[in-house]
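Worksheet for the structure shown next.
What follows draws every value from the coordinates through simple rules; no lab data is involved. What you see is a predicted model, and the numbers here were worked out from it, not measured in a lab. Note that we place each Cβ from the backbone using ideal geometry, even for glycine, and neighbour counts take in every protein chain shown.
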């Protein structure tokens, strides 16, 4: 989990917990609102609760829509319980009924406008009036109901865009609102679009919120069940146990006896490799010192599991002023995306080029594996400034320990673009097993000998 002291590392992103394979924001309301309201490309935001997760498990189209969201926010006790099953805790429950009004108060201070789309006729306007009273200065760009007003998507898009709204709140219920935004949201000019479920009904007074004491005890779902037993009985009385069983099964499957067995494998392989490679270490150290001034080893801050920074070890393959010269050569990157890589990097020493060609510069990371910061197999650890520039979906690669080798490393390394690398890493996170790790270690030998993408 990210710590507040690490905030400087992730100025452009929000920390996440990966819950049942879905990256879910793990941040305070203030931190989340600041990122959502910042200038930049459009952000599509969704909330997930137990009902959403059940729907996601049964609807591939809804699951894909959630995957394409810029951010997914945790809503309710169900998602919190799923996190605890995996030994995680959310910093804050960002349920839409409380978070959206908070977000609107910040939007008002920034002079932003909001359009409310959805609900029965008249409900969106009543909800807008409530938001305007709660957040003086908030500009209401317009409203449109979710019945007749949603029948013609093109007309709805034209209406919303003509309003000049900075933020669009869509209240059509799950999964309709996410599917509508997934299909049509790209045509909207607003910087922030959000599916907000029953929020308009709460703001308009159509549905009563649970008393504060009930909300503190995490029993708002039970209060809603008492209000609408016929409509919500299946969702809560059947859906909640279904969700808990699914979350529990996922937590058990995720462990998959991997924690102890993978750690044992890491210790065995890294310890044996260090013993066998000791003479090679000595020869490399002599060669580095003979070729250029400076330390034999290079220590660099990288981002590990759950966003935890650690000091990664490498044999020094560059001149000692390499870090100071990095900014000046960023434009020379041979690789698209946020990760810098240059085939003709002028900072690399003569010995360093040979070490990189053979991947011997990575050997000291065996100490990182032995220490527990890294694993033998996993996504490569990114630099803090790279992680800060990650798209939201890429944050899920932080759900596991970074590795010395992995799918990306045996498939071409630097010749593979950033987006494809992320696809490979996410596929590994979802399907990793001891057998897969062993296969990738074997394939690493072939990749090192071939030298493809090593520079």
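Please report the relative contact order for region 4-254, taking Cα pairs under 8 Å with a sequence separation of at least 6, and give it as a percent rounded to a whole number. Averaging sequence separation for qualifying contacts and normalising by length gives 21 percent for region 4-254. Give me the base-10 log of I(q)/I(0) for region 4-254 at each q in 0.10, 0.17 Å⁻¹, Debye formula, one uniform scatterer per Cα, rounded to two decimals. Debye intensities relative to I(0), on a log10 scale: -0.47, -1.45.
Classify region 28-95 from the C-alpha gyration tensor, please: rounded if a/c falls under 1.5, else prolate or oblate depending on whether a/b exceeds b/c. Kindly include the intermediate steps, with their values, before the conclusion.
Details: a/c = 2.57, a/b = 1.16, b/c = 2.22.
It comes out oblate by the Cα gyration axes.
Taking Cα pairs under 8 Å and at least six residues apart, what relative contact order does the chain come out at, in percent? Averaging sequence separation for qualifying contacts and normalising by length gives 15 percent for the chain. Could you run the Debye sum over the Cα atoms of region 1-149, one equal point scatterer each and no solvent, and tell me log10 of I(q)/I(0) at q = 0.13, 0.18, 0.19 Å⁻¹, two decimals? Each listed q maps to, in turn, -0.67, -1.20, -1.28. The peptide list 313-321, 436-444, put in order of mean Cβ contacts within 10 Å with the highest first, becomes 313-321, 436-444. Simple spin-label estimate for residue 434 and residue 419 gives 3.8 nm between the two label positions (7 Å along the Cα-to-Cβ direction from each Cα).
Between residue 268 and residue 320, the FRET efficiency estimated from the beta carbon spacing at R0 = 35 angstrom works out to 0.50. For the chain, DSSP calls about 35 percent of its internal beta bridges antiparallel.
Our helix-only sum for the chain, with -39,500 (n - 2.57) per DSSP H run of n ≥ 4 divided by its residues, gives a mean residue ellipticity at 222 nm of -13500 deg cm²/dmol. With a simple spin-label model that places each label point 7 Å from the Cα along the Cα-to-Cβ direction, the separation between residue 238 and residue 213 comes to 3.4 nm. Computed from label points 7 Å out along Cα-Cβ, the spacing between residue 245 and residue 28 is 4.0 nm.
A simple packing score, the average count of other Cβ atoms within 10 Å per residue, orders the peptides 165-172, 387-394, 277-284 as 165-172, 387-394, 277-284, with the highest score first.
Given region 4-254, what percent of its DSSP beta bridges are antiparallel, to the nearest 5?
Numbers: 4 of 25 bridges.
About 15 percent, rounded to the nearest 5.
If you bin all the Cα-Cα distances of region 258-450 at 10 Å, starting from zero, the percentages per bin are 9, 35, 40, 15, 1.
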